[in-house]
Amino acid sequence: MNRYTRRTFGLELVMIGIALVVAFPVYVLVNLAVRPPSDTSSPLRPTLAPTLDNFTQAWQQGALGGALSNSALVTVVSVLIVVAISSLAAYPLARVTARWSRGVFLLIMLGLMLPFQLAALPLYQTMRDLGLLGSAWALVLFYSGLQVPFTTFLYIGFLRALPRDFEDAASIDGCTSWECFRHVVFPMLKPITVTAIVLNAVSIWNDFFTPLLYLSGSTQQTVPVAISGFVGQYVSDWNLIFAALLISMIPILIVYFALQRSIINGFAGGLKG
Amino acid sequence: MVLFAFVVLVPSARGVYYAFTDWDGLDPSFSFVGLDNFVEMTRDPDARQAIWHTLLIAVSITIIQNGFGLALALGVNTMIKSRNLLRVFLFAPAVITPIVTAYLWRNLLAPDGAVNSLLGAVGLDSWQQNWLGDPDLALWSIVGVIVWQFGGYSMVIFLAGMQSIPKDIYDAAAIDGTGPVRRFWSVTRPLLAPAFTINLMLSIIGGIKLFDQVYALTGGGPGHATDTLSTLIYKDAFTLGEFGYSIALAVVLTVVVAVASTSQYFVLARNERAAS
């Protein structure tokens, strides 16, 4: 089992074959995105005279620059708020065993179960009354509230497994509970913080339904909504659409390949809790 | 905490209340109609179909995606040289925006799209289909797209589970002379129970709530052949203005998610205990 045999080599070929099949859509995506609209040959044929015209055109007409910066802003601010609130909330919840902390914990579990569709429409009305509809800040507010229960849950699971000795030592040395959290507990939470950042950032960046509801018709778009509007507008101009899709993927893929180890461990690790 | 109450708990509670009204989303004067929305649902063929599609999609994604993910994990968790590279590549689709991959696939699966071209190129012309336009096939095309995107996700979770299994157990099994199949069934499978729990929960809940991919790939069509609860909720509220009815559907969705996840949780937790 621990030697590289002929059978291992066969398995290697099979796995690479599967990977190629999985990668096939990406090949077509790139191939068509660099192809001038006049070229109507099969989508499988490599494009011999690649052009970047589709990208410049998609970039200008789709207002993708604005959408990318909106998405980045919403994601970064929301994740910061979520991590700050959740880690602070989880600490007393995991350490204090009073009855109210159990009540709050159950409330958070309830929040995890409720599908967002139930809250979406009444919240739509509230946002409208507050004049937040169409503003990126509505999304920040929304995601902060939505993701906090889940993230707190992650932190509580991690904190319960963490020994209290360090905190006890710190408080004997005269730490206030805030200093204790800031300098002793939070640094120890680093693995779960990475997980929380990764999971929240991916789900917020990729979310389509919420901005579709709360930003529709406004000039402040996030990437998924901008792409959807773009597809609606250039229905049959697939070379242009593919260029736009590729532009929207590139930032994610750069971050993913740069940080792949922590991202994959983040996905796998947090879900163990 | 206040924020959480503001965006999740209060609107959800109001949602449950609206489910019993004929609110149209704008008019502040609406009346309490009791169970009318739910009664209408049992008569509405679209709603019945949507519930059926939702369950069908959730169950088939759960089975196929996890089967595929498990097979990939078993393949990658070996001595092959490309294992790290494969892990990174196979997981990559899972981080890409679902709506973006769905638009990509809408073109690939079009009658003159790349999938049919590929089938033609390898001589399988008879397999060419109108993948999204055929009412009998469209639902399965959607399932296929999701398996493509999230198979690697399941794989990563299974892999994490496999890597936490101590090597000694396999050595012991090898000394006892067990073959690879027996080794998988009697050693790997029971020790993967936590990974199974997570994967099955994620895919069934994700499947039940599915919206983006259906919206982008077929819009619920052709006809209503691929409408799920989520797309119907969206359509009823924002194109038909039937907010009360739409929220009643959302209540049904909530109940389905709650029942599916709690019952699954208890069954799997029992299996986990039995396995350990």
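Rule-based calculations on the coordinates, nothing more; no lab input. What you see is a predicted model, and the numbers here were worked out from it, not measured in a lab. Glycine gets a Cβ as well: all are built from the backbone with ideal geometry, and neighbour counts include every protein chain shown.
Simple point charges give the picture: +1 on the Cβ of Lys and Arg, -1 on the Cβ of Asp and Glu, and for region B:29-275 a dipole about the Cα centre of about 1020 debye.
Positive-end ranking of A:PHE242, A:THR47, B:ASN271 along the dipole of the protein assembly as shown, with charges on Cβ about the Cα centre, is headed by B:ASN271. Projecting the Cα atoms of A:PHE186, A:VAL76, A:GLN220 onto the charge dipole of chain A, computed from C-beta unit charges around the Cα centre, puts A:PHE186 farthest toward the positive end. Each residue in A:ILE241, B:ILE51 was given a count of other beta-carbon atoms within 10 angstrom of its own, and listing them fewest first yields B:ILE51, A:ILE241. Taking the charge dipole of region B:29-275 about its Cα centre, with +1 at Lys and Arg Cβ atoms and -1 at Asp and Glu Cβ atoms, the residue from B:LEU202, B:LEU240, B:ALA73 reaching farthest to the positive side is B:ALA73. Distance distribution note for region A:6-51: the fraction of Cα pairs above 18 angstrom is 45%.
Each of A:CYS175, A:CYS180 was scored by other Cβ atoms within 10 Å of its Cβ. Arranged with the fewest first, they read A:CYS175, A:CYS180. Each listed q (0.11, 0.20, 0.23 Å⁻¹) maps to a log10 I(q)/I(0) for region B:46-148 from the Debye sum over equal C-alpha point scatterers, namely -0.46, -1.18, -1.24. Three principal axis extents describe the C-alpha atoms of chain A; from largest down they are 74, 67, 32 Å. Specify whether the C-alpha gyration tensor of the protein assembly as shown places it in the rounded, prolate or oblate class, a ≥ b ≥ c being the square roots of the eigenvalues: rounded for a/c under 1.5, otherwise prolate if a/b is larger than b/c and oblate if not. It comes out rounded by the Cα gyration axes. Under 15 Å from the Cβ of B:ASP212, count the other residues' Cβ atoms, weight Lys and Arg +1, Asp and Glu -1, and hand me the total. Neighbourhood net charge equals +1. Its residues counted as N, region B:107-196 yields a C-alpha radius of gyration over 2.2 N^0.38 Å of 1.67. Three principal axis extents describe the C-alpha atoms of region B:29-275; from largest down they are 74, 50, 28 Å. Cβ-to-Cβ counts within 10 Å put A:HIS183, B:HIS224 in ascending order as A:HIS183, B:HIS224, the fewest first.
Restriction of the trypsin sites (Lys or Arg not before Pro) in region A:128-172 to DSSP coil positions whose beta-carbon has at most 12 other beta-carbons within 10 angstrom yields A:ARG164. Spatially close Lys pairs in the protein assembly as shown, defined by Cα atoms under 25 Å apart and a spacing of eight or more places or different chains, total 5. Taking other residues whose beta carbon is less than 13 angstrom from the beta carbon of B:GLN129, and scoring Lys, Arg as +1 and Asp, Glu as -1, yields -4. Its residues counted as N, region A:126-273 yields a C-alpha radius of gyration over 2.2 N^0.38 Å of 1.39. In loop segments of region A:1-61 as defined by DSSP, the trypsin sites (Lys or Arg not before Pro) with at most 11 further C-beta atoms inside 10 Å of their C-beta are A:ARG3. Placing a pseudo-label 7 Å from each Cα along the Cα-to-Cβ vector at B:THR262 and B:ASP176 gives an inter-label distance of 3.9 nm.
Of the chymotrypsin sites (Phe, Trp or Tyr not before Pro) in region A:1-79, the ones in a loop by DSSP (not H, G, I, E or B) with at most 13 other beta carbons within 10 Å are A:TYR4. Over the Cα atoms of region B:212-262, the radius of gyration divided by the Kirkwood radius equals 1.02; this is the Rg/Rh ratio.
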